[in-house]
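For reference, the structure discussed in these notes is given below.
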Ligand SMILES: *Cc1c(COP(=O)(O)O)cnc(C)c1O
């Protein structure tokens, strides 16, 4: 058995994989693969509707919002958000690599005020920040996939709030009504790469003076129910099955408990095992991506730990190149047994070298 700690694309529920394989062979009893039918075929509309309904059920999304399923990943949303919302100035919180990329993209379309940056501490903390008034919106990244920090609070804000929730969406309940837009790529908690989700409150659109090319205008995608152009049917199907799995399991409240238990187990070991050290500030630790290194005393032994982890069937724990060390991603589909295996491995490593 493999223990898949990949940061994204990452572990998926086996059921979602099996159902997608089935659909790849024979979609909806048509005798045809989902990969070779028109998205106007009978059955596809229903699949798309079901996927949207699951989003609405799981996150209790109010009627004023639309759920869009679009190409281009979270990265395309870095541009679509300012295209649709930025008239003069927007405020961004800089908490890591993805936040930075969102900022760089938005700068093409208007003035960007950086409310705070964690850069000086190599993004190991969430810097103190305040949401300013007089800006078109405030943008932040709820979970910093690379640095292992997370903002769990929903904000009471004087301006529209936009959040990139690529790597912690569906890991816990969120008060959708506090947001103007929540977006992200599917490939962490919501399926596989190739589709992005955008939860958008409809009344915020149509307020900027710039002309927006139709493909970049959320309203085109709302009007055509995310089929303005050919939708990525395989990733959307997989998303639907991933959401169905989550619903059957008990939804976001249930998964939050499971995620907390997984994170407590692993951070607990990091804190008591003298060989390892967490890199993110304790009060900002992510429940999704756990970043850790070897204590300085054991510098240079990283490969030994990687080798031992292979014997346990552990994959995907090499840290991002900008942080080094290790990163274990504990996304929804990862069972606690995998975290136990990693903890056992860390304890064996301590016995060997500690
Ligand atoms: C993975 C990730 C992205 C990038 O998503 P793409 O779909 O590859 O564009 C953006 N933001 C965060 C927080 C991520 O974790």
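Some points to look at:
- Measuring r between the beta carbons of residue 271 and residue 37 and using R0 = 41 Å, the FRET efficiency lands at 0.20.
- Acute angle (nearest 10 degrees) that the helix 97-106 long axis makes with the longest principal axis of the chain, alpha-carbon atoms: 20 degrees
- GNM on the chain, alpha-carbon springs under 10 angstrom: the most fluctuating residue among 218, 298, 137 is 298.
- Modelled label positions at residue 46 and residue 120, each set 7 Å beyond Cα in the direction of Cβ, lie 5.9 nm from each other.
- Rounded to 10°, Cα long-axis angle of helix 251-272 versus longest principal axis of the chain: 30 degrees
- Nitroxide proxy distance, nm - points 7 Å out along Cα→Cβ at residue 282 and residue 30: 5.6 nm
- Gain on full stretching of the segment that runs from residue 88 to residue 108 - 0.36 nm per residue minus C-alpha separation: 6.0 nm
- A crude spin-label estimate for the pair residue 318 and residue 229, with each label 7 Å from Cα along the Cβ direction, gives 3.3 nm.
- Model label zone, residue 297; criterion: amide N under 12 Å from point 7 Å along Cα-to-beta-carbon; scope the range 249-275: 273-275
- Averaging the Cα positions of each part gives two centres, and for the range 151-191 and the range 327-354 these lie 28 Å apart.
- Helical runs (DSSP H, four residues minimum) scored at -39500 (n - 2.57) apiece and divided by the length of the chain put the mean residue ellipticity at 222 nm at -11500 deg cm²/dmol.
- Listed residues 326, 27, 138, most fluctuating in the chain (Gaussian network, C-alpha, under 10 Å): 27
- Here the chain was treated as a single set of alpha-carbon atoms; its pair distances binned every 20 Å from 0 give 30, 55, 15, 0 percent.
- Diffusion coefficient, µm² s⁻¹, Stokes-Einstein with Kirkwood Rh over alpha-carbon pairs of the range 252-353 at 25 °C and 0.890 mPa s: 178 µm²/s
- Residue with peak Gaussian network fluctuation, the chain [Cα springs, cutoff 10 Å], from 325, 194, 43: 43
- Rounded to 10°, Cα long-axis angle of helix 302-311 versus longest principal axis of the chain: 80 degrees
- Taking one quarter of the surface of the convex hull spanned by the alpha-carbon atoms of the range 160-317 gives a direction-averaged projected area of 13.1 nm².
- Length gained when the stretch residue 178-residue 56 is fully extended (0.36 nm per residue, less Cα-Cα span): 42.4 nm
- Based on C-alpha pairs under 8 angstrom that are at least 6 apart in sequence, the chain has a relative contact order of 23 percent.
- R0 of 45 Å, Cβ-Cβ distance residue 353-residue 249: FRET efficiency to nearest 0.05: 0.70
- Dimensions of the range 177-264 along the principal axes, based on C-alpha atoms and rounded to the nearest Å, stand at 48, 31, 19, largest first.
Here, each number is a calculation from the coordinates, and none is a lab measurement. Nothing here was measured: the structure is a model prediction, and the numbers come from that model. Every residue, glycine among them, receives a Cβ derived from its backbone with ideal geometry; neighbour counts consider all protein chains shown.
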